[in-house]
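One structure below.
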Amino acid sequence: MEFDLENPLQNFHNLNFDSVSCLFLIESDHIPSQNYSQTLNAGDLDIFVRREVISLISQLTCNLDPLLSYLAINYLDRFLANQGILQPKPWALRLLAISCFSLAAKMMSTEYSATDVQALVELIDGGIIFETQTIQRMEGLILGALQWRMRSITPFSFITFFINLFTLKDPPMGQVLKDRAAEIIFKSQRDIKLLEYKPSIIAASALLCASHELFPFQYPSFLRAISDCSYVNKESVVQCYNVIEDIAAEEEYELSNAILSSSITPVNVLDHHFLSSESDKTNGITVAASTHGQEDSIKDHKRRKITGFYRNNQTVQISRIKTMLRSTASRG
C-alpha cells in the first residue's frame with residue numbers, strides 16, 4: 001500500500017484520539033537527534049556536504065512530487081545523525097543521494113527501479129553509474145541506521161489535525177491554509193535551524209505563519225487554538241515561528257538583491273558612466289533609498305515575530321492578501 005506522509009499511521013485519517021496521541025508520542029523517533037543540529041551548527045559535521053547531497057536529491061526529484069524530495073531528505077538527515085559521513089567524496093555523496101531517493105520512491109510506490117534511477121542520474125549530469133547491488137547495499141546501510149523506521153512522521157502528518165482545531169468561517173479556507181503551510185514547510189526544510197524542532201511544532205508554526213499572512217483577522221483565534229492544544233509546547237512553537245519568519249525574511253532579502261543585481265546590465269553601466277554629475281547624485285539617492293527599503297523590509301519581518309502567545313501583531317498587508325485570495329479563487 002502506498003505510504004502517505006499526511007497519514008503515516010493506519011486509520012489516522014479518522015483522527016480518533018488514540019491514533020493522534022500515538023502520532024505525537026512517537027514523532028521523536030523519526031527525526032534526527034538534537035545533537036545532530038548542534039553538531040552542524042558547530043561545524044564538526046561538514047554542513048556543506050549536507051547541502052551537496054540535498055542539491056543532488058533536489059535534482060533527482062525536481063519534476064516529481066515534492067513530498068518525495070522531503071521524505072528523501074528526511075532519510076538523509078536521520079542517516080547522517082546516526083551514521084555520520086563515512087566517505088565525503090563526490091561518488092559517495094552521489095551514492096547516498098541516489099539511495100535516499102530510491103528508498104523514498106519505493107515507500108511512496110513511485111514506479112522507479114534501480115535502472116530508472118540510474119538513467120535519471122545520467123540524464124541530469126552524466127554522473128557515475130553504480131551497479132544495482134551497490135545501491136542496494138547502500139540502501140541496507142541507510143535502513144539499518146534508521147532502524148527500518150521508514151514510515152516517517154513529518155510536519156505534513158499534523159497539518160490536518162491542527163486545521164481541525166480552527167473554527168473556519170469558510171471551509172475552503174482550510175485548503176488554502178494547508179497549501180500555504182505546506183509551501184512554507186518545503187522551503188524551510190533545508191535550513192538546519194529547523195532540525196531542532198519536532199514535526200508537530202513545525203506544522204503548528206507553519207500554519208500560524210500562513211494564517212497570519214492570509215487571514216490576519218482570524219489569526220488570534222488560530223493562535224488561541226494552538227496555545228490551548230495539550231500536545232504542543234507553546235514556547236517551542238513561539239521559537240519555531242520566529243525561525244520560520246527569519247528564514248522567509250532572509251529569502252526575501254536575497255531575492256531583492258538578486259533582482260537589483262540583474263537590473264544592472266552593461267548598457268546601464270555605460271549610461272551611468274556618461275551621466276551628468278547632477279544625475280549621478282539623483283541616482284545615488286535612488287540606490288540609497290532602494291537599499292534602505294530592503295533594510296526596512298527585513299526589520300518589518302522582525303517586528304512580525306511572536307514575542308508571546310498572547311501579544312498579537314495586527315500589521316496587515318491588505319493588498320498582498322487580496323491578491324493571494326484572488327489567485328486562490330481563480331484556481332478553484
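Considering the range 33-57, and only residues there that are closer than 14 Å to Asp191 by Cβ and open to solvent by 20 Å² or more (accessible area, probe 1.4 Å), the residue that is modelled with the highest pLDDT turns out to be Arg51.
Restrict the check to the range 224-239 and report whether at least one residue is under 14 Å from the mean Cα position of the chain (by Cα) and of a type in the set (D, E, K, R). No; the residues of the range 224-239 include none that is under 14 Å from the mean Cα position of the chain (by Cα) and of a type in the set (D, E, K, R).
Only a single item in (1) modelled with pLDDT of 95 or more; (2) of a type in the set (A, V, I, L, M, F, W, C); (3) under 13 Å from the mean Cα position of the chain (by Cα) is not met by Leu194, and it is number (1). Working only within the range 204-234, note down all residues that are free of Cβ contacts under 8 Å to residues at least 40 places away in the same chain, over 18 Å from Ser188 (Cα atoms) and of a type in the set (Gly, Ala, Ser). Residue satisfying the conditions is Ser230 alone.
Where in the range 147-263 are there helices (runs of 4 or more DSSP H), lying wholly inside it, with at least 2 residues that are farther than 26 Å from Asp65 by Cα, open to solvent by 20 Å² or more (accessible area, probe 1.4 Å) and hydroxyl-bearing (Ser, Thr, Tyr)? Working first, answer last.
Details: elements: 159-163, 172-188, 199-214, 219-227, 234-262.
Passing ranges, in order: 234-262.
If I go through the range 150-174 residue by residue, how many of them are within 23 Å of Leu9 (Cα to Cα) and in contact (Cβ under 8 Å) with a residue 60 or more places away in the chain? If you could, list the steps in order and put the result at the bottom.
Our first condition is that a residue be within 23 Å of Leu9 (Cα to Cα); within the range 150-174, this holds for 150-166, 174.
Narrowing further to those that are in contact (Cβ under 8 Å) with a residue 60 or more places away in the chain: 150-154, 156-162, 164-165.
Total satisfying the criteria: 14.
In the range 161-191, which residue that is modelled with pLDDT of 90 or more and of a type in the set (Val, Ile, Thr) is nearest to Leu40 (Cα to Cα)? Here the residue is Ile185. Quick check: anything in the range 65-80 at pLDDT 85 or above and surrounded by fewer than 16 Cβ atoms within 10 Å (Cβ to Cβ)? Yes - at least one qualifying residue is present in the range 65-80.
Given the options Ile128, Ile124, name the one that is assigned to a loop (DSSP other than H, G, I, E, B), at pLDDT below 90 and surrounded by fewer than 17 Cβ atoms within 10 Å (Cβ to Cβ). Talk me through it step by step, then tell me what you get.
Values: Ile124 fails: assigned to a loop (DSSP other than H, G, I, E, B).
Exactly one of Ile128, Ile124 is assigned to a loop (DSSP other than H, G, I, E, B), at pLDDT below 90 and surrounded by fewer than 17 Cβ atoms within 10 Å (Cβ to Cβ), namely Ile128.
The values are calculated or read from the model by the stated rules, or taken from the named source; none is laboratory data. The model shown is predicted, which means the values in this text are computed figures rather than measured ones. Virtual Cβ from ideal backbone geometry, glycine too; neighbours counted across all protein chains shown. The accessibility values were calculated without ligands, DNA or RNA, using every heavy atom of the protein model including side chains. Shrake-Rupley method; radii C 1.70, N 1.55, O 1.52, S 1.80 Å.
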